[in-house]
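For reference, the structure discussed in these notes is given below.
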Amino acid sequence: MERKDAVTFKGAGLTLLGPDLQIGEKVPLFSVIDNGLKEIAYKDLGRNPKIISVTPSLDTPVCDAQARRFNIEAAKLPAEFQIINISMDLPFAIGRFCTTAGIDRIKTFSDYRHAYFGMAYGVMIKELRLLARAIFIIDSHDILRYKEVVPEMTHEVNFAAALNAAKKLLTGGGTLP
């Protein structure tokens, strides 16, 4: 499935591959690669609610800021909530970035090998073979409760909306936006 002009990079339209996931749907399964080159399946992440922060490359200022912000926010959320960052960066680069940036509260993974995550969640950019900047919040029953795919790749995610949605989920606040 292709969605032409679904996002832009500096104003130029780009095509996203994969489905346009909807709030309330059961999320698709995927596997990614950890920093030790081990394949990690979705089921290996456990049943806890998750924030999946998606970045094109941690080697850019906006992606760097996104990972750092979620690392800080992870300390403020209850321990049962997982914050995961997925990018197309090589695992070695992700490991180096985390060490240098002091990223120690979020889990970081790479989708470089098979792009299973990007294709399953509809954020694979056809023209660049990078992931579109996005946030997915998933409850403990694997239901998508919040989603933001940032329309312009050079812009930040809406941190306030994502964190409010996560807090609402944890307090049993019903259906999320």
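Here ASN71 passes the criteria (1) under 20 Å from VAL157 (Cβ atoms); (2) out of contact with any Lys or Arg (no Cβ under 6 Å at 6 or more places or on another chain); (3) part of a helix (DSSP H, G or I); (4) not aliphatic (A, V, I, L, M) except the one numbered (2). Evaluation of LYS50 against the conditions (1) of a type outside the set (Phe, Trp, Tyr); (2) more than 17 Å from ASP142 (Cα to Cα); (3) surrounded by 15 or more Cβ atoms within 10 Å (Cβ to Cβ) shows that the sole unmet condition is (2). Across the stretch 83-128, the qualifying residues are those that are β-branched (Val, Ile, Thr), touching a residue at least 40 places away in the same chain (Cβ under 8 Å) and closer than 20 Å to LEU21 by Cα, and the one among them that is surrounded by the fewest Cβ atoms within 10 Å (Cβ to Cβ) is ILE125. With respect to SER57, determine if the residue is within 17 Å of the chain's Cα centre (by Cα) and assigned to a strand (DSSP E or B). Judged against the criteria, SER57 is not a match. Of a type in the set (Lys, Arg), without any contact (Cβ under 8 Å) to a residue 40 or more places away in the chain and either surrounded by 11 or more Cβ atoms within 10 Å (Cβ to Cβ) or touching a helix residue (DSSP H, G or I) at 6+ places or on another chain (Cβ under 7 Å) (or both), is that true of ARG68? Spelling it out, ARG68 is indeed of a type in the set (Lys, Arg), without any contact (Cβ under 8 Å) to a residue 40 or more places away in the chain and either surrounded by 11 or more Cβ atoms within 10 Å (Cβ to Cβ) or touching a helix residue (DSSP H, G or I) at 6+ places or on another chain (Cβ under 7 Å) (or both). Within the stretch 5-20, identify whether any single residue is at pLDDT 95 or above, surrounded by 20 or more Cβ atoms within 10 Å (Cβ to Cβ), under 24 Å from ALA160 (Cβ atoms) and hydrophobic (A, V, I, L, M, F, W, C), and answer yes or no. Yes, because at least one residue in the stretch 5-20 is at pLDDT 95 or above, surrounded by 20 or more Cβ atoms within 10 Å (Cβ to Cβ), under 24 Å from ALA160 (Cβ atoms) and hydrophobic (A, V, I, L, M, F, W, C).
The values are calculated or read from the model by the stated rules, or taken from the named source; none is laboratory data. From a predicted model like this one, the values you see are computed outputs, not experimental measurements. Virtual Cβ from ideal backbone geometry, glycine too; neighbours counted across all protein chains shown.
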